[in-house]
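See structure below.
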Amino acid sequence: MSSFKTLDDLGDITGKIALVRVDLNLPMKDGSATDVSRVEAVKPTILELAEKGAKVLLLAHYGRPKGQRFSTMSTSFVQGDVEKVLDKEIMFIPEVMGPVVEQSIGILGNGDIGLLDNVRFWPGEEANDPEFARGMAAHGDFYVNDAFSAAHRAHATTEGLAHHLPAYAGRAMEAELKALDAALGNPEAPVAAVVGGAKVSTKLDVLTNLVGKVQHLIIGGGMANTFLAAKGVDVGKSLCEHELTDTANRIIDEAAHAGCTVHLPYDVVVAKEFAANPASLRTCNVHEVADDEMILDVGPLATEALADVLKTCRTLVWNGPMGAFETEPFDTATVALARTAAALTQDGSLISVAGGGDTVAALAHAGVKDEFTFVSTAGGAFLEWMEGKPLPGVAALTA
Ligand code: ADP
Ligand code: MG
């Protein structure tokens with residue numbers, strides 16, 4: 001991994017002005033956040049800068065105002081939640097540059113925190129307009145990016161500012177980059193990738209990137225059905241992208257050339273209707289799925305075999321559940337494999353990194369979210385990283 005500067009590289013920052021990009025796009029209901037984990041993630045960076053005596057100006061987006069001011073999308077709506085998590089009062093500043101920002105900086109004492117308004121109110125943000133970035137940069141002494149979740153966007157506050165000010169990765173960004181590097185950048189072999197979820201079409205680039213990088217590719221979830229169909233298996237009524245069977249075969253071929261073993265389930269859990277504990281529930285070999293049945297989870301024999309594969313590996317990267325885990329008992333394989341990975345991680349034999357909206361929910365459901373080496377909540381940025389794409393926000397820090 002090319003190197004980037006962290007908060008450890010800051011000298012004396014007493015009285016200096018830090019422009020800090022964070023993710024405060026909180027899920028809200030009735031005026032307050034239903035989940036403040038994004039604030040908790042950036043809390044160490046904000047408090048560290050404040051404790052070192054900097055004046056901290058928070059930059060964040062909220063919703064999709066598309067370059068216009070909408071009173072309903074002001075970051076002032078999350079001010080109260082941010083204050084609660086930080087256990088500190090912060091000053092809301094209804095601009096991102098200009099005299100109002102200048103005056104506010106004058107009022108802030110060393111170690112105080114200001115929250116600027118929604119950066120996406122200005123078209124220059126998403127256009128990554130250098131003039132817009134320069135206007136913001138004029139107020140700051142240095143820039144800290146602690147929003148990995150926005151690093152796949154080349155916007156003024158996620159990328160542009162790094163060209164105008166000395167740039168540093170915040171603590172959350174630093175932890176994320178280290179974990180991702182340990183999983184796919186410079187991993188300890190053998191490496192296993194678990195890729196599940198609903199559809200092959202949403203993860204084609206992920207699969208294509210992984211076959212060249214990992215020794216074991218474990219395919220589960222709905223996308224396994226497309227691979228099974230490509231191998232001539234009749235998957236009945238299962239979710240399956242029949243038009244992608246050629247693509248699936250190409251990925252299988254590429255894996256064979258690269259020395260990557262592709263693991264597909266050989267037994268499966270099926271039902272005639274998609275409901276919790278349906279009367280038609282049964283487990284069978286993949287070759288015994290009836291025309292009116294659908295595959296909703298990986299079977300117990302394959303799950304056992306996959307656990308054995310993980311036991312031989314040193315590194316695991318996971319995206320996508322193995323079955324329709326929201327509905328019982330189709331969470332069984334996902335929960336079992338997650339617990340195996342967690343136990344191996346706790347034993348010190350496996351480095352485990354997972355990400356993806358539903359994957360995080362599935363690991364929480366299995367009760368092992370805190371037992372993986374690292375769980376990314378970054379969504380789109382995590383997937384683009386799994387696709388092997390350079391993330392502009394990260395590239396700007398490492399330039
Ligand atoms: P992530 O959000 O972690 O990237 P995805 O969105 O790709 O994951 O996939 C998660 C969804 O895939 C879940 O809603 C789950 O119910 C669904 N899924 C998994 N296996 C199956 C299956 N066999 N049939 C239908 N849906 C499935
Ligand atoms: Mg999802």
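The values are calculated or read from the model by the stated rules, or taken from the named source; none is laboratory data. Owing to the predicted nature of the structure, the values given are computational and were not obtained by experimental measurement. Every residue, glycine as well, gets a Cβ built from its backbone with ideal geometry; the counts of neighbours run over all protein chains shown. Areas reflect the complete protein model, heavy atoms only, side chains present, ligands, DNA and RNA absent. Shrake-Rupley method; radii C 1.70, N 1.55, O 1.52, S 1.80 Å.
Going by amide H atoms built from the backbone, whose H comes under 5 Å of the H on Thr261, apart from near neighbours?
Correct list: His216, Leu217.
Under a Cβ-only charge scheme (Lys and Arg +1, Asp and Glu -1), can you give me the dipole magnitude of the chain about the Cα centre, in debye to the nearest 20?
480
Taking the Cα centre of the stretch 253-389 as origin, work out the dipole magnitude from +1 charges on Lys and Arg Cβ and -1 charges on Asp and Glu Cβ, in debye rounded to 20.
So the dipole magnitude of the stretch 253-389 works out to roughly 480 debye.
Express in nm, to one decimal, how much length is gained between His287 and Thr208 on full extension, taking 0.36 nm for each residue of separation and deducting their alpha carbon distance.
Using 0.36 nm per residue and subtracting the Cα-Cα distance, I get 25.8 nm.
Of the DSSP beta bridges with both residues in the stretch 1-149, give the percent that are antiparallel, rounding to the nearest 5.
Here the antiparallel bridges make up roughly 10 percent for the stretch 1-149.
Among Ile252, Ile90, Ile107, which one shows the highest mean-square fluctuation when the chain is modelled as a Gaussian network with alpha-carbon springs under 10 Å?
Result for the chain, Cα springs under 10 Å: Ile107 fluctuates most.
In degrees, nearest 10, range 0 to 90: what is the angle between the Cα axis of helix 171-180 and the longest Cα principal axis of the chain?
30
Take the alpha carbon atoms of the stretch 93-165, find their center, do the same for the stretch 229-248, and report the distance between the two centers in whole angstrom.
The stretch 93-165 and the stretch 229-248 have Cα centres spaced 48 Å from each other.
If I compute solvent accessible area with a 1.4 Å probe over the protein chains, what percent of it on the chain is carbon and sulfur?
Of all accessible area on the chain, carbon and sulfur atoms account for 50 percent.
Could you go through the stretch 287-302 in sequence order and give the Karplus-derived ³J(HN,Hα) for each residue, using 6.51 cos²θ - 1.76 cosθ + 1.60 with θ = phi - 60°, rounded to whole Hz, and x for Gly and Pro?
7, 10, 6, 7, 4, 9, 10, 10, 7, 10, 7, 6, x, x, 5, 5
Take the stretch 268-372, drop everything but the C-alpha atoms, weight them equally and run the Debye formula without solvent; then report log10 I(q)/I(0) at 0.16 Å⁻¹ to two decimals.
Rounded to two decimals, the profile gives -0.69.
What residues have an amide H closer than 5 Å to that of Leu316, excluding those fewer than 5 places away on the same chain, when H is modeled at 1.01 Å from N in the peptide plane?
When sequence neighbours closer than 5 places are left aside, the close amide H contacts are Ala192, Ile351, Ser352, Val353.
Would you mind checking the radius of gyration and Dmax of the stretch 203-296 based on alpha-carbon positions, in Å?
In Å, with Rg to one decimal and Dmax whole: 13.9, 43.
Give the calculated FRET efficiency between Ser349 and Phe70 to the nearest 0.05, with a Förster radius of 56 Å applied to their Cβ-Cβ distance.
Given R0 = 56 Å and the Cβ-Cβ separation, E is 0.65.
With point charges of +1 on the Cβ of Lys and Arg and -1 on the Cβ of Asp and Glu, referenced to the Cα centre of the stretch 163-209, which listed residue (Leu184, Ala167, Thr202) lies farthest in the positive direction of the dipole?
Thr202
Please work out the Kirkwood hydrodynamic radius for the stretch 1-84, using every pair of different C-alpha atoms, and report it in angstroms with one decimal place.
This gives a value of 14.5 Å.
How high is the FRET efficiency between Ser3 and His257 when r is their beta carbon distance and R₀ equals 51 Å, given to the nearest 0.05?
The calculated FRET efficiency here is 0.95.
Would you mind checking which residues have amide H under 5 Å from Ala151's amide H? H placed 1.01 Å from N; only 5 or more apart, or other chain.
Residues meeting the criterion, in which the H sits 1.01 Å from N, do not exist here.
Per-residue HN-Hα couplings for the stretch 80-87, Karplus 6.51 cos²θ - 1.76 cosθ + 1.60 at θ = phi - 60°, whole Hz, x for Gly and Pro?
x, 5, 5, 4, 5, 5, 6, 6
Of the options Thr72, Ala50, Gly15, report the single residue whose Cα projects farthest towards the positive end of the charge dipole of the stretch 1-134 (beta-carbon charges: Lys, Arg +1; Asp, Glu -1).
Farthest towards the positive pole: Thr72.
Which values, in whole Å and largest first, are the semi-axes of the equivalent ellipsoid of the chain obtained as the square root of 5 times each eigenvalue of the Cα gyration tensor?
44, 21, 19
To the nearest 20 debye, what charge dipole does the stretch 147-235 have about its Cα centre, counting +1 at the Cβ of each Lys and Arg and -1 at the Cβ of each Asp and Glu?
For the stretch 147-235, the charge dipole is close to 160 debye.
If every alpha-carbon in the stretch 30-140 counts as one equal scatterer, what log10 I(q)/I(0) does Debye give at q = 0.13, 0.14, 0.16 1/Å?
-0.49, -0.57, -0.75
Mind grabbing the base-10 log of I(q)/I(0) for the stretch 113-185 at q = 0.15, 0.21, 0.28 Å⁻¹? Debye formula, identical points on the C-alpha positions, no solvent, two decimal places.
-0.53, -0.93, -1.35
Taking Rh as the Kirkwood radius, which is the inverse of the mean 1/r over Cα pairs, what is the Rg/Rh value for the stretch 138-267?
Checking Rg against Rh, the ratio lands at 1.14.
Quick one: grab the alpha carbon gyration tensor of the stretch 155-209, order the square roots of its eigenvalues as a ≥ b ≥ c, and give me rounded if a/c is under 1.5, else prolate or oblate depending on whether a/b is larger than b/c.
oblate
Specify the residue with the greatest mean-square fluctuation among Met322, Met173, Met28, computed from a Gaussian network of the chain linking alpha-carbon atoms under 10 Å apart.
Taking springs between Cα atoms under 10 Å, the residue moving most is Met28.
How many times 2.2 N^0.38 Å is the alpha carbon radius of gyration of the stretch 99-153?
Cα Rg divided by the expected 2.2 N^0.38 Å: 1.25.
Which whole-number percentage describes the relative contact order of the chain, with Cα contacts under 8 Å and a sequence gap of 6 or more?
16
Express in % the proportion of alpha carbon pairs of the stretch 45-101 at distances exceeding 17 Å.
Of the Cα pairs, 46 percent sit more than 17 Å apart.
Identify the GluC sites (Glu not before Pro) of the stretch 246-296 meeting these criteria: DSSP loop state and at most 15 other C-beta atoms within 10 Å of the C-beta.
Loop-located and lightly packed - Glu273.
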